[in-house]
Structures are given as C-alpha cells and as structure tokens.
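Values quoted throughout were computed directly from the atomic coordinates according to the rules given, and no laboratory measurement underlies them. Since the model is a prediction, treat every value here as computed from it, not as a measurement. Glycine gets a Cβ as well: all are built from the backbone with ideal geometry, and neighbour counts include every protein chain shown.
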Amino acid sequence: MALRPRSFTVSVGVALFVLTGLLAVPFDAEPTQAAEPAELIFPVIGSNHYSDTFGACRGSGCSRTHDGVDIMAPKMTPIVAVDDGVVRYVNWSWTAEGIDPTRCCTMAIEHTDGFESWYIHMNNDTPGTDDGNGWGIADGIVPGVQVYAGQLIGWVGDSGNAESAGSHLHFEYHAPDGTVLNPTPYVDGAQVISAPIGAVTYNVDFTHFTQVVAPSESTLVIDTFGSGISWTAEVKRRMGGVVFTASGTASGTILWSAAGVVAGPYTATVDFGPYGKVEHAIQVGDYEWPFIDDEGSYAVTEIEEMWDRGITEGCDWNLFCPNDLLTRAQLVTLIARSMTETVDWPLHQGSYSDVAPGQWYTGPIEYLVQQGVLPGGGGEFGVHEPATRAMVVDVMMNAIGDTAYPPYQGYFSDVAEAEWFTQKIERAHQLGIALGYPDGTFRPHATLTREEAAAFLMRGL
C-alpha cells in the first residue's frame with residue numbers, strides 16, 4: 001500500500017481544519033478520554049491584573065459566592081474567545097432574534113470539548129463616556145455563530161452591577177457537566193497573545209516528506225503567506241518517541257536526513273499554536289506500509305487490510321510479529337474489532353470467572369457474549385491460554401452465523417468426523433475461510449499465529 005504525497009492548505013477564521021493521524025492504541029489497550037480541556041488563550045488582550053477570588057462572598061450577608069475571576073482592565077480592552085466553540089448566548093438570549101439590546105453585555109461560548117466560558121460585564125458605554133448606550137460585543141457575534149480561539153468577541157466594560165467596581169471582565173469556566181470551576185488556574189496557564197487572531201492562512205507541503213529511504217534528505221515546505229506566525233515541527237514514531245524537531249517564524253523549509261533512523265512508520269506534525277496544526281504520516285525505509293516485518297508473510301495483504309480497518313496496531317510501533325502466537329483473549333479481541341467499529345464496549349457482566357473488570361479484553365469478550373458469539377455462563381474463559389486453529393474457526397463461524405453444515409466430507413486428514421469442531425471447519429472450508437496445509441492437514445490443535453489470525457479474519461469477516 002504505497003503512500004501518496006499530499007499538500008495541505010488550512011484557513012483559520014471562518015473554519016479551522018486540523019488533520020490528525022490514526023490514533024495509536026496498543027494491542028492490549030483501549031483509548032481513554034481526556035478529562036481536562038486543552039490550553040486556553042488568555043481572554044483579555046493588553047494590560048490587566050487579577051487575583052484568585054473564586055468562592056469569595058458576594059451580596060448582602062454573603063448571599064452568594066463569586067463564581068469567576070475578575071480580570072481588571074481599562075474599558076474597551078479587547079476580549080477574545082479562549083478556545084474554539086459556538087456562541088451559546090448573548091445577553092442571556094439563546095437566539096439571534098431574541099437578543100435584548102438593553103441588557104448589554106454578556107456572552108457564553110460552548111467549546112468543542114464540552115467546556116463553557118462565560119464573559120460578563122462587557123462594555124455597554126459609548127467610548128469615552130459612561131452613558132450605558134454602547135455595545136461591547138463584536139460585530140457578527142450572535143448565538144449559534146462559530147468562533148475560534150483568539151478571535152475578538154468584545155471589549156472590557158463595567159456593565160450590569162459592575163458600575164462601582166471598576167471596568168473588568170468577569171470570566172467563568174464551566175465543566176461539561178455544568179460544574180462551575182475555579183477559572184484562575186486556567187487563566188494562569190493560558191497562552192497570552194498580543195492581538196486578536198484574525199484569519200490566517202498557511203500551507204504545509206509534504207510532497208517530498210512522505211517516504212524517506214535513508215540516508216536521503218527530505219524537504220518539508222511551510223508557507224505562512226507573510227503572516228509571520230510561529231510554528232514547531234516534529235517527527236516521531238507512530239506510537240511516540242520524537243526523533244526530530246525544528247521551529248521557526250514565518251515561511252521556512254525543513255531539511256531532515258533519515259540516516260541512522262530506524263525504519264518504520266512516523267508522524268510529522270507542524271504545530272502553529274492557536275492557529276491549529278497539521279499531521280501527516282511518513283515512512284522511513286523501503287517497505288510496504290505500515291509494518292517492516294510482514295513482507296515475507298503469506299498473509300501480508302490481510303495484515304495490511306486489518307491495519308486499514310483499524311483492527312490491529314501490530315505488536316510494536318513498526319512491527320506486526322506475524323509468527324508470534326496468540327492468546328485466546330487476543331484472538332477474540334481481534335474478532336470483536338472485526339465485527340464492529342465501536343470502542344464503546346459493554347461493561348463487565350461477569351460472563352466468565354477469569355474475565356475481571358477493567359482489563360483490555362473485558363469489553364470485547366462481553367460484546368461477543370452479547371452478540372451470541374461466545375456462550376458465557378460464568379465458567380473460565382482461559383484468557384491467557386493459547387488460541388488454536390480450531391478455536392478461531394469455531395468463534396468466527398458463530399460470528400458469521402452460518403449453520404449450513406454439510407455432511408462429513410473429510411476435507412482434511414486430521415479432522416475426524418466425530419470431533420466437536422468438524423462441522424464448522426468443513427463449512428468454513430467450503431466458504432474459502434479454512435484452507436488448510438499443502439499436506440492435506442488442518443492441524444486444529446496447533447496454536448494460532450498472528451499471521452494466521454489475519455488470514456482467517458479477513459477471509460471471513
């Protein structure tokens with residue numbers, strides 16, 4: 001499967017396109033979700049000061065507490081969105097048509113990760129006055145509009161009950177479940193920018209950075225079209241391990257020699273900070289992507305198909321290990337992944353006594369029990385025992401649901417009529433799934449190798 005050179009152009013402003021590679025998940029692990037938001041942009045541009053007053057008493061007799069941080073700044077200091085998202089409300093209105101101009105000026109943004117940022121006490125005065133007749137929200141900012149990190153959304157003021165408190169932005173940060181968070185640590189760690197971010201266009205050309213055969217030199221061309229934005233580039237192994245970094249400002253050309261670099265699949269990333277990033281898969285060495293050790297395997301086509309379908313990540317970042325043996329847990333995990341693209345596996349149901357909660361194979365095994373592919377019943381599954389060739393046919397035929405078993409044909413010299421697996425093996429042979437060996441045997445009790453599993457699965461599922 002040859003890689004094709006590609007060139008990416010990304011425009012940030014109306015829309016932001018971030019190209020990501022395939023998530024690298026170890027063979028025996030499941031992906032997890034991050035509980036924290038990404039780094040934010042500091043919401044105020046220019047001179048300001050603040051302190052942590054979250055939870056402080058407010059109102060008569062401490063009738064309420066302070067749910068945000070007050071960022072003190074002069075009136076008309078620009079306010080920007082702290083992250084990409086969609087404007088949820090303006091002046092407490094959830095629709096553009098329902099905005100009440102007499103209640104200026106507040107705003108909330110729901111971000112792509114589910115967090116929300118609230119902006120309160122924005123300007124409501126004509127510049128240079130305290131007349132209450134101004135409008136401190138940027139043009140085009142209405143409920144339902146998409147905004148990007150660093151985009152101008154309004155200006156600092158003293159609207160609402162802040163007339164006697166001095167101009168400031170009351171900034172709140174809410175978790176996806178609605179919990180009001182102390183925003184101070186988030187603004188402490190936010191990226192400070194010197195001006196609102198406008199529309200920025202950049203291009204990363206990977207044409208000569210797609211396949212590298214050591215010791216040749218590869219060229220990566222970055223064009224920022226005169227915007228002067230900074231970038232950082234790195235090359236790392238598919239499952240981690242950075243091997244090269246570079247950085248620059250404005251347009252530039254990166255030269256990288258693969259001399260001394262281990263062959264395998266890598267990812268090149270160019271990060272433009274708040275403007276987005278571009279990722280692209282690259283290949284070091286002369287081999288068929290993505291594994292360097294499957295070229296001589298009879299199942300190389302099936303192995304690459306499993307990779308393409310997201311069923312396997314191999315045994316290491318650049319290896320498939322085709323001759324390694326499989327355990328029963330590894331086999332049924334591959335079969336479950338072949339049947340569905342979901343990673344939302346069922347919770348532990350106790351279908352087998354040796355399948356404990358929280359193991360990498362627990363969800364796939366419970367899924368197969370739910371689908372009627374495995375019987376369950378509470379006994380032992382034998383998760384660490386070797387998988388056999390008879391077992392892979394047994395489970396796969398259950399998954400396929402084909403029970404049109406033929407009368408005994410004797411296709412294989414070592415598959416006797418009375419064996420428990422005979423009907424399924426002979427039916428799988430008729431379907432072109434179980435082919436056997438040149439000497440006429442099937443070897444049902446032999447331990448299954450990883451390349452054999454790939455061949456069986458891709459023929460049948």
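If only the Cβ of Lys and Arg carry +1 and only the Cβ of Asp and Glu carry -1, the dipole of the stretch 153-293 around its Cα centre is close to 240 debye. Classify the stretch 45-168 as rounded, prolate or oblate, taking a ≥ b ≥ c as the square roots of the eigenvalues of its Cα gyration tensor: rounded when a/c is under 1.5, otherwise prolate if a/b is larger than b/c and oblate if not. It is rounded, given that a/c, with a ≥ b ≥ c, falls under 1.5.
Averaging 1/r across all pairs of distinct Cα atoms in the stretch 192-324 and inverting the result yields a Kirkwood radius of 16.4 Å. Partnerless cysteines in the chain, where a partner means another cysteine C-beta under 4.7 angstrom, do not occur. With the charge dipole of the stretch 300-460 set up from +1 on Lys and Arg Cβ and -1 on Asp and Glu Cβ about the Cα centre, the Cα lying farthest toward the positive end among the listed residues Ile303, Leu334, Gln409 is that of Gln409.
In nm, what is the difference between 0.36 nm times the number of residues separating Glu217 and Ser93 and their Cα-Cα distance? Separation in residues times 0.36 nm, less the Cα-Cα distance, equals 39.0 nm. Modelled spin labels at Thr102 and Leu347, positioned 7 Å past Cα toward Cβ, are 5.1 nm from each other.
Residues whose amide H falls under 5 Å from that of Ala258, counting only those 5 or more places apart or on a different chain, are Ser216, Ser218, with hydrogens built in the peptide plane. In sequence order, the stretch 308-317 has phi-based couplings of 4, 7, x, 7, 10, 10, x, 9, 7, 4 Hz under the Karplus curve 6.51 cos²θ - 1.76 cosθ + 1.60, θ = phi - 60°, and Gly or Pro positions carry x.
The stretch between Asp439 and Arg64 holds 126.7 nm of extra length on full extension. This uses 0.36 nm per residue minus the Cα-Cα distance. For the stretch 300-460, the relative contact order works out to 28 percent when only alpha carbon pairs closer than 8 Å and six or more residues apart are counted.
Shown is the FRET efficiency for Leu319 and Glu288, computed with R0 = 22 Å from the Cβ-Cβ distance and rounded to the nearest 0.05: 0.95. Dipole check for the chain: with +1 at the C-beta of Lys and Arg, -1 at the C-beta of Asp and Glu, and the Cα centre as origin, the magnitude is about 280 Debye. Considering only Gln430, Phe456, Thr210, the residue lying farthest towards the positive end of the dipole of the chain is Thr210, judged by Cα position with unit charges set on Cβ.
Its DSSP H runs of at least 4 residues, each contributing -39,500 (n - 2.57), put the calculated 222 nm mean residue ellipticity of the chain at -4000 deg cm²/dmol, to the nearest 500.
The length gained on full extension between Tyr408 and Ala250, counted as 0.36 nm times the residue separation minus their Cα-Cα distance, comes to 49.6 nm. Taking amide H atoms as placed 1.01 Å from N in the peptide plane, the amide H of Thr388 lies under 5 Å from those of Leu448, each 5 or more residues away in sequence or on another chain. Diffusion coefficient of the stretch 300-460 by Stokes-Einstein, Kirkwood radius over Cα pairs, 10 °C, 1.306 mPa s: 98 µm²/s.
When +1 charges are put on Lys and Arg Cβ atoms and -1 charges on Asp and Glu Cβ atoms, the dipole computed for the stretch 300-460 relative to its Cα centre reaches about 240 debye.
When only alpha carbons are used to place a centre, the stretch 141-157 and the stretch 402-461 end up 63 Å from one another.
Between the listed residues Trp135, Tyr287, Cys104, the Cα displaced farthest toward the positive end of the dipole of the chain, a dipole computed from Cβ unit charges relative to the Cα centre, is found at Trp135.
The phi-based Karplus calculation (6.51 cos²θ - 1.76 cosθ + 1.60; θ = phi - 60°) puts the 3J(HN,Hα) values of the stretch 423-440 at 4, 6, 5, 5, 5, 5, 5, 4, 7, x, 8, 9, 9, x, 9, x, 7, x Hz, whole numbers, x for Gly and Pro. Shown in residue order for the stretch 138-150 are the 3J(HN,Hα) couplings computed by the Karplus curve 6.51 cos²θ - 1.76 cosθ + 1.60 at θ = phi - 60°: 5, 4, x, 8, 9, x, x, 7, 7, 10, 10, 4, x Hz (x for Gly and Pro).
In terms of its C-alpha gyration tensor, the chain comes out prolate, because a/c is 1.5 or above and the ratio a/b outweighs b/c.
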